[in-house]
Amino acid sequence: MNPIEETSYIRTIEWEMLDKKKFIPLSITSSCMVRTSLYPFTLVKTRLQIQKGNEVYKGTFDAFRKIVKYEGFKGLYKGFWVNLFSIVSGTFYVLTYENVRHLLQANNVTDSRVRALVAGGCASLIGQTIIVPIDVISQHLMMVGQKVDGVVQNIKPSLQNGAGKSKTQLALAITKDIYHIDGLRGFYRGYIASLFTYVPSSALWWTFYHLYQDHLNNLFPSWFPHLGIQCTSAILGGLTTTTLINPLDIVRARLQVQRLDSIGQTFRILWREERFYTFTKGLTARLIMSTFYSFSIILGYESVKRWSVKEQYREQIRW
């Protein structure tokens with residue numbers, strides 16, 4: 001393949017190139033599959049972030065071992081059915097990201113990294129506004145029935161009898177408990193911390209994704225699959241972003257579950273309890289999850305875009 005033919009390929013499939021009737025349902029299906037397969041890592045990460053020091057789990061693999069041993073394999077999916085509602089958030093996230101990129105391009109912003117930075121931040125702002133109440137309930141469900149050496153380690157005394165309740169009853173009990181104590185604002189506890197965590201995280205992730213992609217395109221030979229370059233870029237972007245954002249994610253999780261008063265208070269408590277461990281607490285679980293999540297999301301996302309591209313662009317798309 002000569003250089004002239006190579007430049008005719010489209011590296012990034014833009015919003016106007018997509019058949020929306022195909023793209024939206026396929027995107028939702030892909031997101032659901034990824035969330036289902038990676039949910040255990042989300043649960044483990046949350047439990048590691050909430051615990052003080054190593055009082056329950058010594059690390060990521062110890063957490064997996066103890067959860068399966070004392071709570072069964074289904075223990076890894078506590079709160080999952082509530083978390084599935086986050087697919088609505090994911091749909092709005094993708095639509096916002098693509099439309100903001102399209103709007104910026106229409107206003108002559110051509111740098112893909114700048115467009116990714118702005119669009120990723122905007123998408124997360126919309127997504128977090130929808131997902132935080134779901135996150136709050138789901139994280140409480142993750143902690144219910146936590147057992148070590150046969151002893152229940154529930155974080156909420158009002159749910160000590162959780163084992164005798166159905167999933168729906170548990171979710172309703174948690175919802176009522178949150179509303180009784182904090183009112184409607186209880187469902188948005190940690191919202192500002194979520195924005196501080198996920199808006200920059202999303203903006204950085206998409207920026208690093210395009211940054212690494214630009215560099216890898218110059219390193220890999222022309223015959224190397226473009227989808228492979230995109231998946232590799234996603235993993236590298238995810239690892240970079242996760243390492244930078246991890247302390248903010250711990251603060252967000254503690255604010256939502258432990259009802260602490262402010263971001264500042266949470267940071268002070270974390271520093272008193274963990275010192276420099278604050279920067280690495282739950283990081284292994286997050287890095288593992290980020291690797292699989294970034295790879296899976298981009299594999300699904302970019303594949304869906306290729307399947308949904310309009311007929312007139314198909315010959316210009318390289319797998």
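The values are calculated or read from the model by the stated rules, or taken from the named source; none is laboratory data. Keep in mind that what you see is a predicted model, and the values were worked out from it rather than measured. No Cβ is skipped: glycine too gets one built from the backbone with ideal geometry, and neighbour counts run over all protein chains shown. We work out accessible area using only protein heavy atoms, side chains counted, and drop any ligands, DNA or RNA first. Shrake-Rupley method; radii C 1.70, N 1.55, O 1.52, S 1.80 Å.
Structure notes:
- Carbon and sulfur %, accessible surface of the range 188-230 computed with the full protein complex present, 1.4 Å: 74
- Rounded accessible area per residue of the chain, 1.4 Å, Å²: 48
- Out-of-range pairs (alpha-carbon distance over 18 Å; input LYS78/LYS281; LYS22/LYS305; LYS52/LYS281; LYS45/LYS78; LYS20/LYS305; LYS58/LYS78): LYS78/LYS281; LYS58/LYS78
- Lys, Arg +1 and Asp, Glu -1 on Cβ, resulting dipole of the range 20-313 about Cα centre, debye, nearest 20: 560
- Gaussian network model of the chain, springs between alpha carbon atoms under 10 Å - residue of LEU204, LEU270, LEU172 with greatest fluctuation: LEU172
- Using only Cα coordinates, the Kirkwood hydrodynamic radius of the range 1-85 works out to 16.5 Å.
- Based on alpha-carbon atoms, the Kirkwood radius and the radius of gyration of the chain give Rg/Rh equal to 1.00.
- Sequence of TRP307, TRP81, TRP15 when ordered by accessible area, the most exposed leading, probe 1.4 angstrom: TRP307, TRP81, TRP15
- GNM on the chain, alpha-carbon springs under 10 angstrom: the most fluctuating residue among PHE224, PHE41, PHE61 is PHE224.
- The chain: DSSP helices with Cα axial extent of at least 20 Å and average Kyte-Doolittle hydropathy no lower than 1.0: 112-143
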